[in-house]
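**Student:** So that we are looking at the same thing, I have put the structure below in structure tokens.
Nothing in this text is a laboratory measurement; each read-out follows from the coordinates by a stated rule. Keep in mind it's a predicted model, so treat the numbers as computed, not measured. Please note: Cβ atoms are built from the backbone with ideal geometry, for glycine as well, and neighbour counts cover all protein chains shown.
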Amino acid sequence: MTSTHFDGLMPIVIFMGLAVALFVGGHFASVLLAPKKPSDLKSTAYECGEEPVGTAWSMFNVRFYVVGLIFIIFDVESVLMFPVATIFRELNDMGQGGYALIIFLSFISVLIEGIAYCWKKGDLDWVKSYQVSMKNNK
Amino acid sequence: MFHQILFLMSAALTLICAVAVLVTKNMMHSCIFLLGSLLGIAGLYATLGADFVAVSQIMVYVGGVVILMLFAVMLTGGKDFVSKAQNLLGLAPSMGNKWTFSIAGLVAVVFGLTSFLLINNVTKVVTIKTQNDEFVSTVNQLGHLLVKNHVLAFEISSVLLLGALVGAAIIARPKRQ
Amino acid sequence: MNQTVVTYLAQYEFFDFLLKIFGQNTSLLAFLIFFLIAAVIVGIMATVGGLGTYAERKISADIQMRMGPNRVGPYGILQFLADGVKMMTKEDIMPKDADKFLFYLAPMLCLVGVFATLAVVPFSAGFTMTDLNVGVFYLIAISSLVGVGVFLGGYASNSKWSMLGGMRGASQIISYEIPVTLSILAITLLAGGMGFGTIIGRQEGLPTNWYIFHNPFAFIGFFVYFIGAMAETNRAPFDLPEAESELVSGYHTEYTGMRFGFFALAEYIEVFVVCGVAVALFLGGFNLPFHLEIDILPIQAVQFGIFFSKTLALYYVIIWARWTFPRLRVDQLMSVCWKYLTPIAIFNLIGCAVWLVVFNGHSIADLIFGSH
């Protein structure tokens, strides 16, 4: 049985397994060594000496979600750009560097427009300025 | 031999986590099982030799979509995330009902086999010769295809992304009171 | 073919001898070799992580004109072992209304995300565990598991401080992935490949071949990458998610004992990996300053040492930055990322692409000194 190129993926799985093993081992060690005296006071959430009121799982602001959306768009964009960037040098050596450059730049410029739009409309601000939100709502 | 082990592990992870997404009543746990399922799919891509697709699956889905879903769940807030949904007849949640699962699963299997048989008779099945000792990275091939054969699709995808960005920004903007 | 440690070792006769023992089962032998070296690397990294805490305390003490730990062992160097033992013996408290499953899972996700990156870090030419063709891309992809871990740690604790820290931490990590990815894209463009072997192979020779000196865009790209990577690992001045003076301890407030130890370990190892990537991409990796045709084991050791010393130099800079700058507010954090770093990174990418086409890929040193 010869080794295939998939053997190169073994270290990844091995390292993940070792991380889990380390975690379980450490946990086991603390189960053996650590005291176990749960009390009512110890298991309340820490709030700098005050009594915690209410649950923490309340509704959050929408700005986190907007950041996540913008991130996904740019993530997909960079994933699409990786293969083109990989062969860019090759194409340049073949004499088609200008062509590849035009393709690359037109791809990026569309996304520059996207980020410029979000910037102008105030989606990138963590705290929306009053003028921007008034302008948006008119 | 490692190839088979990797395939079995990824397939098991995908299937078990996919079932768990549907069965758990807690929405946050569902999101995390979805993460496991997507990691399993990335492993399946890796067993096929599609290294770039596997890594981009991890990058976009695990790094982006799962976190976005977690944020979205937090956005809705609510007392807790346990589902108390019931179906029309007032029975227990149909998400977790074992009869629903069995019947739906059976239907899916029958449908899949039937369509496979139909399509198999119509088109020729092409066997792909997997070369085990020569491994050409798929990234260069993808790059060449994107730049030569599918340039228009590549550029239009950037416009599509722009549309998605603008649309998402507009929808997520807080409305006027 | 992916270069791995096993293919490197296969060139020695000792390998054939081992192969005969295992009945010509190359997969099994490969697995055992990988496992052995992986265990060694995990041990080294855990030590590096522990020594990182010691180094941080000593360096911060130096900056603040005090002594730092100097009692446990000579010059206090065994302090991290004492800390480890202490953490193991602390009680494992779980908050009353916490989400048990996610509470257990969060540190494990952080650990898995960080350890899986160790498989592609280029320690030396022969001892890269596996030189994937998509090496650096895989590394940034799998580090996003840490973001999920941070979020879950904050969420599962059911404490308002932790929740805030977790949400901010996750949004910080995902935001700063963009400038980091764009800087790495620029280097991929210049090198013509994503694998670490390709990228480091192009930086052979004198330090003028390093990508940081290749063109002004890559020079700025190094700093964009460095700042983005500091923010990704939640290091100061970007450590709002674990802000000590604001959110108590952010997303790991409710974690005690060994679980907190795993969060801290994951953070220190991640800083090391990120510095290692910066060294590999911009500072020439493990290359010696001169070309050598022979490839024997001592050369590997020298390369290993070179890589380590460059990485530790960057590690020192990161620790130094923590005790020098004040913390950024959360809106400043986001605006630095989206309004400064991302446009600069896009500008770098365009600049590198244009440079590649106009100057045919030569570096500034090549152009000035004319050695085509």
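**Student:** Within 10 Å of each Cβ of C:3-12, how many other protein chain Cβ atoms are there on average? Intermediate values should be presented prior to the final figure.
**Tutor:** Details: counts 1, 7, 2, 5, 4, 0, 0, 1, 0, 0.
Mean partner-chain Cβ count within 10 Å for C:3-12: 2.
**Student:** Each residue of region A:101-114 in order: what ³J(HN,Hα) in whole Hz does its phi give by Karplus 6.51 cos²θ - 1.76 cosθ + 1.60, θ = phi - 60°, with x for Gly and Pro?
**Tutor:** Result, rounded to whole Hz: 5, 5, 4, 4, 5, 5, 5, 6, 5, 5, 6, 5, 4, x.
**Student:** Is the C-alpha gyration tensor of chain C telling us rounded, prolate or oblate? Criteria: a/c under 1.5 is rounded; beyond that, a/b larger than b/c is prolate, otherwise oblate.
**Tutor:** Details: a/c = 1.72, a/b = 1.23, b/c = 1.40.
It is oblate, given that a/c is not under 1.5 and a/b is not larger than b/c.
**Student:** Assuming R0 = 25 Å, can you tell me the calculated FRET efficiency for the pair C:Phe219 and C:Val302, based on Cβ-Cβ distance, to the nearest 0.05? Mind showing how you got there, number by number?
**Tutor:** Numbers: r = 27 Å, r/R0 = 1.09.
Computed FRET efficiency for C:Phe219 and C:Val302 comes out at 0.40.
**Student:** Along the Cα→Cβ direction, 7 angstrom out, place labels at C:Asp331 and B:Val109. What is the inter-label distance in nm?
**Tutor:** With each label placed 7 Å out from Cα toward Cβ, I get 5.8 nm.
**Student:** Lys/Arg Cβ at +1, Asp/Glu Cβ at -1, dipole of the protein assembly as shown taken about the Cα centre: which of C:Ala313, B:Thr138, B:Leu39 is farthest positive-ward?
**Tutor:** The listed residue farthest towards the positive side: B:Leu39.
**Student:** Given +1 on the Cβ of Lys and Arg, -1 on the Cβ of Asp and Glu, and no further charges, what dipole in debye does chain C carry about its Cα centre, rounded to the nearest 20?
**Tutor:** Values: 19 positive and 24 negative charges, 135 e Å.
Approximately 640 debye in magnitude.
**Student:** What order do you get for C:111-119, A:15-23, B:62-70 when each peptide is scored by the mean count of other beta carbon atoms within 10 Å, highest first?
**Tutor:** Numbers: C:111-119: 26.2, A:15-23: 19.0, B:62-70: 22.8.
Result, highest mean first: C:111-119, B:62-70, A:15-23.
**Student:** Mind checking B:29-41 for the average number of partner chain beta-carbons within 10 Å of each residue's beta-carbon? Don't skip to the end; give the middle numbers.
**Tutor:** Numbers: counts 4, 0, 4, 7, 0, 0, 5, 0, 0, 0, 4, 0, 0.
Going residue by residue through B:29-41 and averaging, the value is 2.
**Student:** Once both labels are modelled 7 Å past Cα along the beta-carbon direction, what's the A:Lys36-C:Leu19 spacing in nm?
**Tutor:** Each label point lies 7 Å from its Cα, and together they span 5.1 nm.
**Student:** At what distance in nm do the modelled label points of C:Arg71 and B:Ala153 sit from each other, each positioned 7 Å from its Cα along Cα→Cβ?
**Tutor:** Placing both labels 7 Å along Cα→Cβ, they lie 6.7 nm apart.
**Student:** Counting only other chains, and only Cβ atoms inside 10 Å, what mean value do you get across the residues of C:193-202? Don't skip to the end; give the middle numbers.
**Tutor:** Details: counts 8, 9, 3, 0, 0, 1, 0, 0, 0, 1.
That average works out to 2.
**Student:** Determine the distance separating the Cα centre of region C:154-225 from the Cα centre of region C:268-335; give it in Å without decimals.
**Tutor:** 12
**Student:** Starting from the amide H of C:Gln3, placed 1.01 Å from N in the peptide plane, find each other amide H under 5 Å away whose residue is 5 or more places distant or on another chain.
**Tutor:** The list, which skips near neighbours in sequence, is C:Asp131.
**Student:** Over the Cα atoms of the protein assembly as shown, what Rg and Dmax result, in angstrom?
**Tutor:** Answer for the protein assembly as shown, Rg first and Dmax second: 25.8, 83 Å.
**Student:** Moving to a separate point now. Can you compute 3J(HN,Hα) from phi for each residue in region C:42-50, using the Karplus curve 6.51 cos²θ - 1.76 cosθ + 1.60 with θ = phi - 60°, rounded to whole Hz and x for Gly and Pro?
**Tutor:** Values, residue by residue: 4, x, 4, 5, 5, 5, 4, x, x Hz.
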